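*Asks:* Let me begin by handing over the structure; questions about it come next.
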Amino acid sequence: MTVVEPSAARRAVALEMGADAALGVDEDVVAAVLERTRGYGAELQIECAGAAHSTMAHIERLFAPGGRMVIPVGTDRQIFYLVTKHVDGSIAR
């Protein structure tokens, strides 16, 4: 599992909890993920930043063929639903 997080403290916690890698938002996330997956891409992405629009360009380039993205949606007074996007076919990199 690779975590992308702006906070260095949260990246450290992610590593302590078992993440394989923790990247800062200022790093080349696309290159790092593609290198770690030998060019295949991520089979599952979970967007928890609450600002998917700001990360969508990177997210789209990280999908493995058949990959899925989960976005928790709702407010603190609603039940969270998971929106899943399934990518079929190939993705141009």
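The values are calculated or read from the model by the stated rules, or taken from the named source; none is laboratory data. All of these numbers come straight from a predicted model, not from anything done at the bench. Don't worry about glycine lacking a Cβ; one is built from the backbone with ideal geometry, like all the others, and counts go over all protein chains shown. Please note that ligands, DNA and RNA were not included when accessible areas were found on the heavy atoms of the full protein model with its side chains. Shrake-Rupley method; radii C 1.70, N 1.55, O 1.52, S 1.80 Å.
*Asks:* Looking at the stretch 24-48 only, could you name the residues that are closer than 22 Å to residue 68 by Cβ, small (Gly, Ala, Ser) and surrounded by 12 or more Cβ atoms within 10 Å (Cβ to Cβ)?
*Replies:* Across the stretch 24-48, the qualifying residues are 32, 41, 42.
*Asks:* Looking at residue 21 and the list (1) open to solvent by 40 Å² or more (accessible area, probe 1.4 Å); (2) within 13 Å of the chain's Cα centre (by Cα); (3) more than 20 Å from residue 66 (Cα to Cα), which single condition is not satisfied?
*Replies:* Going through the list (1) open to solvent by 40 Å² or more (accessible area, probe 1.4 Å); (2) within 13 Å of the chain's Cα centre (by Cα); (3) more than 20 Å from residue 66 (Cα to Cα), residue 21 breaks only (1).
*Asks:* A further question on this structure: Could you tell me whether any residue of the stretch 70-88 is part of a loop (DSSP other than H, G, I, E, B), of a type in the set (D, E, K, R), at pLDDT 90 or above and open to solvent by 100 Å² or more (accessible area, probe 1.4 Å)?
*Replies:* Looking for residues that are part of a loop (DSSP other than H, G, I, E, B), of a type in the set (D, E, K, R), at pLDDT 90 or above and open to solvent by 100 Å² or more (accessible area, probe 1.4 Å), one finds none in the stretch 70-88, hence no.
*Asks:* How many residues are assigned to a helix (DSSP H, G or I) and buried (at least 17 other Cβ atoms within 10 Å of the Cβ) if we restrict to the stretch 1-17?
*Replies:* 2
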